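What follows is one structure encoded as structure tokens, with my remarks underneath.
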Amino acid sequence: MEIDMANTTRSHKAQMVIDRLGKKLNRQIVGSLVACVHCGMCTDACHYVLANPGDPTYAPAYKADQIRKFFKRHYDWTGRVLPWWVKAKSLYTDEQLEELKDTVFGKCTNCRRCSINCPMGVDYATFNRMARGLLVSVGVMPEGVAVVSKDQWEIGNQMGVLKEDYLDTLEWLSDEMKEEYGDPNAIIPIDREDVDVVYSINPREAKYDPRTISDAALIFYQAGENWTMPSEGWDMTNFGLFSGDDDLGGAVARRLYEKVEELRGKKLVISECGHGYRSTRCEGQNWGGVDINFEMESSVITMLRYIRDGRIKVDKSKNKTPVTFHDSCNNARSCGLYEEPRELLQLVCEDFREMYPNRSENYCCTGGGGAMSMSEYTPRRLKSAKIKADQLTATGAEIVVTSCHNCVDGLNDLIKHYKLGMPVTQLVNLVANALVIEKKVVEVVPEIPEVAEVGDLAGYKILVTDDEPDFVIFASAILEDNGATVLQAHSGDEAVEIARREMPDLMTLDLSMPGMSGSDVFEVMRNDPELKSIPVCIITGQPELRKLIYDRHVQPPDGYVDKPINEEHLLLSVRRILELAHEKKVSGKKK
Ligand code: SF4
Ligand code: SF4
């Protein structure tokens, strides 16, 4: 039974935590603090619970109650009027703050798996992060959190990589690439202005894994990208997400945004890191109180686009070993990056084996939420990793792929502990390994949309399918201006009928149409012996609908273009698809 401490003098730190809690409350946090009905449906969602059966202190609802009780005591009328009824209790001592530290840092990785299993919409991880921030603000935190936060505040990156070491690393990687490809343009450009892509990385890459930088550089080089890496503000990770310190989160995000603006970059590409992607793309603007004037995307999407647009060629037979994919909690559950990494894997690996459960139901690598920096909790973390080890083993794969540097470390640690003997790698490494190296792409790619190409679609019959008449007119005009014979369909049924009658060389297909949807049409086409050879390019304004295509379990589309369409992009994709279809036909005849 807890002792009633109502008459105990409150410590200065406890008072500050209570006062600051009031400033952190917003609709989302209060909603989660008051909504729990203690149904227990989230309990088995947590990897800590699975590893500690019978210990209620690991249950998400129990952990949440440690925060909820002092919120109720001070900021909810039920707890002020009837504290005993709603189990409201205040905070008094520094020892209680230490106990809270053990819960919010040591028993939760903020993975959000419990959140998606809660019927009441309670997002425990959100207010667990808030509680971390309150403790950090009074200096109560694991030592590792203090050290990493200090490095990010003072040196500008969370691994304390000095500017000269970072630039030295880029320089030798650049020299190696120039030498290997015998091309003075095969370099890593630093601080180039007016570029299409500014590439930002996790400091772990510069310190421990420079191969990921050189692999990315090779991909940019092969794609003929107009890109650069910044000399400062290059760290896209953000320890503010883990420590709950919004001031740190805002300062780190602003450094990177300002550098991209200084370089007049059109797009910031974020290398494979779950928390870096979430912090930079989704949270940083709120923490930093800024608006930005450039696009941001994960390098997974960039690489996928390069392949789809024909800017790089890959040969999946170069990656024969069976691989499985671990969804990073931040990339997947928090940012919805589910399908793109899988599509990429299918394109660059021969044997991809899904892990179960996966996507939003995947288990944390157990190194998330900054856990890798908190060595005092290592035994607890590795014990909770048993479920992840079992998941990995069940796939039968020999390599595990993930799109997050934090997960690479978390997985490596548990793989060593459970003696699984599986190397961990990232998509960038597999894509680089699968590359079909071509010379002179630098000159070729930017020139592709030039007028010299006009007319080169002559002789091709292209079926444009979309329920929006304006779109059909616009896309048809572009294709006809380039010599194609265009057929038009305004519904799914009409598209299948015209395809069967006319056997076009290519079909463009909208996904969202009334009646027979684009994915229905696609499935019909792929399952029909006569129609399945017609290449299909999906054109959609809702990229999230691509999932519907994957759910059909048929051969993937031949290309994607996002709406609103851009003339150059459409032509580039169409030409590339026709070229590949032609190559396929020729090689088929030879056999
Ligand atoms: S599932 Fe939701 S409502 Fe039920 S105990 Fe967990 S947090 Fe509370
Ligand atoms: S966020 Fe993840 S680690 Fe934390 S309680 Fe929920 S399931 Fe467990």
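Couple of notes before you dig in:
- The charge dipole of the stretch 72-163, taken about the Cα centre with unit charges on the Cβ atoms of Lys, Arg (+1) and Asp, Glu (-1), comes to about 400 debye, rounded to the nearest 20.
- Angle in degrees between helix 210-223 and the longest Cα principal axis of the chain, rounded to the nearest 10: 30
- If R0 equals 56 Å, the separation of the Cβ atoms of residue 436 and residue 120 corresponds to a calculated FRET efficiency of about 0.65.
- Estimated from helices alone, the mean residue ellipticity of the chain at 222 nm is -14500 deg cm²/dmol (sum of -39500 (n - 2.57) over DSSP H runs with n ≥ 4, per residue).
- Under the shape rule built on the C-alpha gyration tensor, where the axes satisfy a ≥ b ≥ c, the stretch 272-318 is oblate, since a/c reaches at least 1.5 while a/b does not exceed b/c.
- Remark: the residue 530-residue 162 segment gains 126.4 nm on full extension, using 0.36 nm per residue and subtracting the alpha carbon distance.
- Farthest toward positive dipole pole in the stretch 61-190 [+1 Lys/Arg, -1 Asp/Glu at C-beta], among 119, 131, 81: 81
- Degrees, to the nearest 10: 124-137 long Cα axis against longest axis of the chain: 60
- In terms of its alpha-carbon gyration tensor, the stretch 3-70 comes out oblate; a/c meets the 1.5 threshold, while b/c is at least as large as a/b.
- Each label was represented as a point 7 Å from its Cα along the Cα-to-Cβ direction; for residue 193 and residue 55 these points are 5.8 nm apart.
- Placing unit charges on each Cβ (+1 for Lys and Arg, -1 for Asp and Glu) gives the stretch 141-295 a dipole about its Cα centre, and among 277, 210, 188 the Cα reaching farthest toward its positive end belongs to 277.
- In a fully extended conformation the segment linking residue 179 and residue 146 would gain 7.7 nm over its present Cα-Cα distance, using 0.36 nm per residue.
- The angle between the Cα long axis of helix 163-181 and the main principal axis of the chain comes to about 20°, on a 0 to 90 degree scale.
- Projected label points at residue 417 and residue 394, each 7 Å from Cα along the beta carbon direction, are separated by 1.9 nanometres.
- Ranking 488, 48, 369 by Cα position along the charge dipole of the chain, where only Lys, Arg, Asp and Glu carry charges on their C-beta atoms, puts 48 farthest toward the positive end.
- Across 87/388; 320/388; 259/388; 320/461; 24/563; 163/267, pairs whose alpha-carbon gap is larger than 29 Å: 87/388; 259/388; 320/461; 24/563
- DSSP beta bridges fully contained in the chain are about 5 percent antiparallel.
- Contact order relative to length of the chain, as percent, for alpha carbon pairs under 8 angstrom and 6 or more apart: 11
- Charge dipole magnitude, Cβ of K and R +1, D and E -1 - the stretch 502-568, Cα centre, debye nearest 20: 280
- For the chain, the per residue solvent-accessible surface stands at 43 Å², with DNA, RNA and ligands left out and a 1.4 Å probe.
- Label positions at residue 28 and residue 65, each projected 7 Å from the Cα along the C-beta direction, are separated by 2.7 nm.
- The residue 501 and residue 266 beta-carbon pair, evaluated with R₀ = 60 Å, returns a calculated FRET efficiency of approximately 0.90.
- Gain in span if fully extended, residue 172 to residue 569, counting 0.36 nm per residue against the direct Cα distance: 139.5 nm
- Absence of a disulfide-compatible partner, taken as no other cysteine beta carbon within less than 4.7 angstrom, is noted in the chain for 36, 39, 46, 108, 118, 273, 282, 335, 349, 537.
- For the chain, the longest piece that avoids every one of the chymotrypsin sites (Phe, Trp or Tyr not before Pro) found in DSSP loops with at most 11 other C-beta atoms within 10 Å covers 86-591.
- If R0 is 51 Å, the Cβ-Cβ spacing of residue 155 and residue 485 corresponds to a FRET efficiency of close to 0.25.
- Fraction of accessible area attributable to carbon and sulfur, the chain (%, probe 1.4 Å): 51
- When only the Cβ of Lys, Arg, Asp and Glu is charged (+1, +1, -1, -1), the dipole of the chain relative to its Cα centre reaches about 2600 debye.
The values are calculated or read from the model by the stated rules, or taken from the named source; none is laboratory data. Not measured: the values here are computed from a predicted model. Reconstructed Cβ throughout: ideal geometry from the backbone, glycine too, with neighbour counts over all protein chains shown. These area figures cover heavy atoms from the full protein model, side chains too; ligands, DNA and RNA do not enter into them. Shrake-Rupley method; radii C 1.70, N 1.55, O 1.52, S 1.80 Å.
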